[in-house]
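Have a look at the structure below, then the notes.
The values are calculated or read from the model by the stated rules, or taken from the named source; none is laboratory data. Worth saying up front: this structure is predicted, and the values here are computed from it rather than measured. Cβ: placed from backbone, ideal geometry, glycine included. Neighbour counts: every protein chain shown.
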Amino acid sequence: MTNKQTKLMIEDVDFYYGDFQALKDVSLEILVNKVTALIGPSGCGKSTFLRILNRMNDLIEGTKVDGKVLLDGQDIYDKKVDVVDLRKKVGMVFQDPNPFPKSIYDNVAYGPKAHGIKDKEELDRIVEDSLRKAALWDEVEDRLDQSAMGISGGQQQRLCIARALAVNPDVLLMDEPTSALDPIATAKIEDLIDNLKEDYTIVIVTHSMQQAARISDYTSFFLMGEMIEYGPTEKIFEKPENNKTEDYITGRFG
Ligand code: ADP
């Protein structure tokens, strides 16, 4: 299937923490129902870039963003945009699994409840559906009322994915979602990402080039706040156009 629809268009974005410029004139197109990986050495701006896409950086004082970020053609930095609504459409999963100290059920029902859904049957349906999509249902269906703190790290991360899915987002941002997990839990999340892209657009920061190569359709290489090269993952890893990309891919630095 050739589906080249744009979900997010990032145009000439500069980003500052106080006087420090962390992103320099970054432009990138994120395609619908694809996995886009952001790679590059530590500190090059990958997480900063990811947080620009749902305005999580707004929460950090003294920051400034210039340029445009369009979601389905709409500027997300426009004054009229409701940030709560934006973050519902553009969900996020973090490096360390961070479930709430609540039951498994309540973790997933939290978002829908916050958005006004009260009907128990509807909540039950959303919880089951989200846990199924996150490939966790079979492991927890008989202990939904138990604490989320009692399941394994890999299960907690899938629970955080279910929690993000429960408010019906279009885009999932993932910031090194497997770096705290063992290889088996990592493989499960990677399989899950592969399934999720049928329904969602996924942008993932990873420090693992092997992971980027395994799971992404497109890869974007960042270096010192600049987006150096972007393209189909195979091309970036096998035939990069920029020498800096090649040096990084072949392990000459990083
Ligand atoms: P990466 O995800 O590639 O490791 P980051 O986006 O976390 O990179 O960081 C990019 C640059 O911005 C780094 O120099 C980092 O020190 C700086 N930075 C990140 N977060 C903050 C912050 N909250 N305040 C000030 N500087 C920050």
- Message: Suppose the filter is near the ligand (Cβ under 9 Å from one of its atoms), within 18 Å of GLU226 (Cα to Cα) and not in a helix (DSSP H, G or I); does LEU50 pass it?
- Response: no
- Query: Which strands (runs of 3 or more DSSP E) does the stretch 201-252 wholly contain that include 2 or more residues that are away from the ligand (no atom under 13 Å from the Cβ) and of a type in the set (Val, Ile, Thr)?
  - Reply: 201-205
- Query: For the stretch 96-115, which residues satisfy the criterion of being in a loop (DSSP other than H, G, I, E, B) and either at pLDDT 95 or above or farther than 16 Å from VAL84 by Cα (or both)?
  - Reply: ASP96, PRO97, ASN98, PRO99, PHE100, PRO101, LYS102
- Filter the stretch 34-47 down to the residues that are polar (S, T, N, Q) and in contact with a strand residue (DSSP E or B) (Cβ under 6 Å, 6 or more places away or on another chain), then identify the one that is farthest from the ligand (Cβ to nearest atom). THR36
- Note on the structure: Residue set GLU198, GLU190; condition touching a residue at least 24 places away in the same chain (Cβ under 8 Å), outside any loop (DSSP other than H, G, I, E, B) and surrounded by fewer than 21 Cβ atoms within 10 Å (Cβ to Cβ); output residue GLU190
- Residue list for the stretch 172-185, filter: surrounded by fewer than 19 Cβ atoms within 10 Å (Cβ to Cβ) and of a type in the set (Val, Ile, Thr): ILE184
- Note on the structure: Condition set among the hydrophobic types (A, V, I, L, M, F, W, C) and away from the ligand (no atom under 16 Å from the Cβ), scope the stretch 53-77, selection surrounded by the most Cβ atoms within 10 Å (Cβ to Cβ): answer is LEU71
- Might you let me know whether the stretch 159-171 holds any residue that is surrounded by 18 or more Cβ atoms within 10 Å (Cβ to Cβ) and in a strand (DSSP E or B)? yes
- Query: Looking at the stretch 69-86, which of its residues are under 16 Å from SER27 (Cβ atoms) and of a type in the set (D, E, K, R)?
  - Reply: ASP75
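Restricting to the stretch 5-23, count the residues that are within 11 Å of the ligand (Cβ to nearest atom) and farther than 20 Å from ARG87 by Cα. Let's see the steps before the verdict.
Just the residues of the stretch 5-23 that are within 11 Å of the ligand (Cβ to nearest atom), to begin with: 15-23.
Among the residues that remain, those that are also farther than 20 Å from ARG87 by Cα are: 16-23.
Selection size over the stretch 5-23: 8.
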